[in-house]
1. In bins 10 Å wide, starting from 0, what share of all Cα pairs of the chain does each bin hold, as a percent?
2. With 5 Å bins from zero, work out the P(r) of the stretch 51-206 over every alpha carbon pair and list the percent per bin.
3. May I ask for the angle, rounded to the nearest 10°, between helix 24-38 and the longest principal axis of the chain, with both axes built from Cα atoms and the value confined to 0 to 90°?
4. For the stretch 1-114, what is the Kirkwood hydrodynamic radius in Å, using each pair of distinct C-alpha atoms?
5. If the limit is 27 Å between Cα atoms, which of Lys77/Lys116; Lys50/Lys233; Lys184/Lys322 go over it?
6. Which of the aspartates and glutamates could a cross-linker span from Lys323 if the Cα-Cα distance has to be under 16 Å and same-chain partners fewer than 8 positions apart are dropped?
7. Rounded, prolate or oblate for the stretch 225-364? Axes are the square roots of the Cα gyration tensor eigenvalues, ordered a ≥ b ≥ c, and the cut-off for rounded is a/c under 1.5.
8. Among Ser265, Asn190, Gln93, which residue has its Cα furthest toward the positive end of the charge dipole of the chain, with +1 on Lys/Arg Cβ and -1 on Asp/Glu Cβ?
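The values are calculated or read from the model by the stated rules, or taken from the named source; none is laboratory data. Values in this document were obtained by computation on a predicted structure and should not be read as measured data. Cβ: placed from backbone, ideal geometry, glycine included. Neighbour counts: every protein chain shown. We work out accessible area using only protein heavy atoms, side chains counted, and drop any ligands, DNA or RNA first. Shrake-Rupley method; radii C 1.70, N 1.55, O 1.52, S 1.80 Å.
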Amino acid sequence: MVIVLSKLKPKIGFLISKFNHGGGTERVTTEIANGLSQRGYDINIISCQKGFSPIFDLNKDVKLFSLHGELVNNSIKRKISNLKHLKSIIKQQQIDILITVDVELYIYAFPLQLMKLCKVIAWEHFNYFKEYGKLEKLSQYLAARYSNELIVISHADLKNYKANVKHLTKTCCIYNPLPLISEKTSDLSNKRVLAVGRLEKQKGFDLLLEAWKYVEKENNQWNLDIFGNGTEKDLLLQQIDYLNLKRVKINDYSESIQKEYLNSSIYVLSSRYEGFGLVLLEAQEFGLPTVSFDCPEGPSEIIDNGQNGFLIENFDTLELGKKILKLINNRTLLENFAKNARNNLDRFNIVDILNKWEDVINNL
């Protein structure tokens, strides 16, 4: 009699910077961690700082750990402490595969990989051309050369890595999944333009305000609502005063963002660069026409230009304002874009994306 032993699933760890944050990185990490947990994987999320109070709902079987980096002020000592604690968690939990949520964290995983304590997947959450400091740039290079697999989140960025990294490690593209599913779509009745994201330079809300200056000059009935928190808030409020904008409001991050999508009629993304542009998917799921800079990387793989939204040359704030105004002034075009908003969202189906993640994990 032949006894067939079932193959045990590898234990997975996600290493993330600050799991307490409520951004797209934390949201999609939660989605993938939950999905793999539901498929029977032992999932551990390790936060470099804090991490025990996640914003998004997490499966009860997912275990949380923290390296407590917030307790060490000196940056060099913090990195040494983080590595020491990470090594301890990897050993104690017997983690087989560590997924670094963003390539800049690979600097911690590289020594563990050399010690053969675990295999490492480096998960790029921005793009190859993101402006990093010297240490982060080194981490990106090491991840691209030596991780067991590099996962990027757009086909454009896959081309970036292939064109710029010699001896690139095994690399594939896996899209981020659509995080919110809605039975309802906006009825386009509210004269409101929506933008969501961290109030940081990367997100380009200063550029959006420049574009909105043109919109307000031509239309005094529509409002722009920005939802988010961040270090640029005071500067943005000063810019609103300087430009004498009357129909703009900056709101704190909303835990019921679904309501905000449903109560809006246009979504705008003005980022200088993106890893993907998850909010564009969310906006489309709620039936919103989208207007976005064609920034690197992501929006061009989400928006069908002229069908469900507009792609604008990066940093062209005047054209961004004109395209917003074009949708405001053309109800037929607005409604047509809304009808097409959900046409291609099957590409971002969570089931198919989890299947691709499992293929990577099982082939290591």
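1. Over the chain, the share of Cα pairs per 10 Å bin runs 5, 23, 31, 23, 13, 4, 1, 0, 0 percent.
2. Bins of 5 Å from zero give 1, 7, 13, 16, 17, 17, 13, 7, 4, 3, 1, 0 percent of pairs.
3. The two axes meet at around 50 degrees.
4. 14.7
5. On the way: Lys77/Lys116 24 Å; Lys50/Lys233 23 Å; Lys184/Lys322 29 Å.
Check vs 27 Å cut-off fails for Lys184/Lys322.
6. Glu210, Glu216, Glu218, Asp294, Asp304, Glu313, Glu335
7. Details: a/c = 1.85, a/b = 1.43, b/c = 1.30.
Judged from the Cα gyration tensor, the stretch 225-364 comes out prolate (a/c at least 1.5, a/b above b/c).
8. Gln93
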